[in-house]
Amino acid sequence: MNDALTDPPAKAIGETDVLDTAKRRQILEGARRVFLERGFEAASMNDITRAAGVSKGTIYAYFSGKDELFECLIAQEKREQAERMFDLDRNAPSIAAELEELGVRLVTAITQPESVARMRMVVGVTQRLPEMGRALYEAGPKVGNIRLAAYFADLDAAGRIRFDDPMQAARQFLDLTVSDPVRRVMFGLEPVSQDELRRTVRAATAMFLRAYPLRG
């Protein structure tokens, strides 16, 4: 009888964690489809319940409501995107080429129709919920800034290029490469072609490296 009162074996706990993670992912995927199709304001918990294929009670076991669902979904996507985009090689022979590829990856990703739709939703939601805006910034753009600043700090430590303020340099590089393409799509203009994008990023990188010349 005492055995029935002991903690469950580690395997059972692990299996439960996996099931919880899978269910949470299922709910978030349903929410993602609904938000993209209907927008944040028009989306309802009933819509999300149907899209996720779960009961409303199951959703509320994981999330307090639509606001938390949206915040968790966007924060997760932004965090994953930042980690994927800012995977930089400190030992790459050409810093210019590494930065150019980063710029192209970033602009290509954030000017996709789904990304633009998410950005517009976030802008609308954060006017009503500014604290959510801060949380989403910290989960995405801030993570990217920190990862790029760490890359710059490593290059400085290796004596390859001098950065007195790596974080400021990271923000400057991102402003040079990302700002104009984002403005275009947010105002409804067509994204630039891949050839034009590459020329723009290459010119921005060259301008950046004139401000922060390579050593040696």
Report summary line: Across (1) out of contact with any Lys or Arg (no Cβ under 7 Å at 6 or more places or on another chain); (2) surrounded by 14 or more Cβ atoms within 10 Å (Cβ to Cβ); (3) part of a loop (DSSP other than H, G, I, E, B); (4) not assigned by TED's automatic domain parsing to the domain that holds Asp180, Ala43 clears everything bar (1)
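Listed residues Ile48, Ile95, Ile27; which is within 25 Å of Tyr212 (Cα to Cα), among the hydrophobic types (A, V, I, L, M, F, W, C) and at pLDDT 95 or above?
Working: Ile48 fails: within 25 Å of Tyr212 (Cα to Cα); Ile27 fails: within 25 Å of Tyr212 (Cα to Cα).
Step by step, each of Ile48, Ile95, Ile27 is checked, and only Ile95 is within 25 Å of Tyr212 (Cα to Cα), among the hydrophobic types (A, V, I, L, M, F, W, C) and at pLDDT 95 or above.
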Query raised in the report: Across the range 103-115, which residue is farthest from Arg79 (Cα to Cα) among those that are part of a helix (DSSP H, G or I) and without any contact (Cβ under 8 Å) to a residue 60 or more places away in the chain?
Result: Pro113
Query - Inter-residue pairs, beta-carbon under 6 Å, first more than 20 Å from Ala117 (Cα to Cα) and in the range 189-202, second of a type in the set (D, E, K, R) and part of a helix (DSSP H, G or I), 6+ apart - result: Val201/Glu100; Arg202/Glu100
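Across the range 138-172, what is the number of residues that are in contact (Cβ under 8 Å) with a residue 40 or more places away in the chain and in a loop (DSSP other than H, G, I, E, B)? Lay out the reasoning, then the answer.
Quick first cut of the range 138-172, residues in contact (Cβ under 8 Å) with a residue 40 or more places away in the chain only: 139-141, 143-144, 147-148, 151, 154-155, 158-163, 169.
Checking the rest, the ones that are also in a loop (DSSP other than H, G, I, E, B) come to 140, 158-160, 162-163.
Counting residues in the range 138-172 that are in contact (Cβ under 8 Å) with a residue 40 or more places away in the chain and in a loop (DSSP other than H, G, I, E, B) gives 6.
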Requested in this report: Would you check if Ile146 is assigned by TED's automatic domain parsing to the domain that holds Pro113, surrounded by 15 or more Cβ atoms within 10 Å (Cβ to Cβ) and within 17 Å of Ala92 (Cβ to Cβ)?
Outcome: no
Requested in this report: Hey, can you tell me all the residues within the range 203-216 that are closer than 16 Å to Ala170 by Cα and either in contact with a Cys (Cβ under 6 Å, 6 or more places away or on another chain) or free of Cβ contacts under 8 Å to residues at least 12 places away in the same chain (or both)?
Outcome: Arg210
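The values are calculated or read from the model by the stated rules, or taken from the named source; none is laboratory data. Bear in mind the structure is a predicted one, so any value in this text is a computation, not a measurement. No Cβ is skipped: glycine too gets one built from the backbone with ideal geometry, and neighbour counts run over all protein chains shown.
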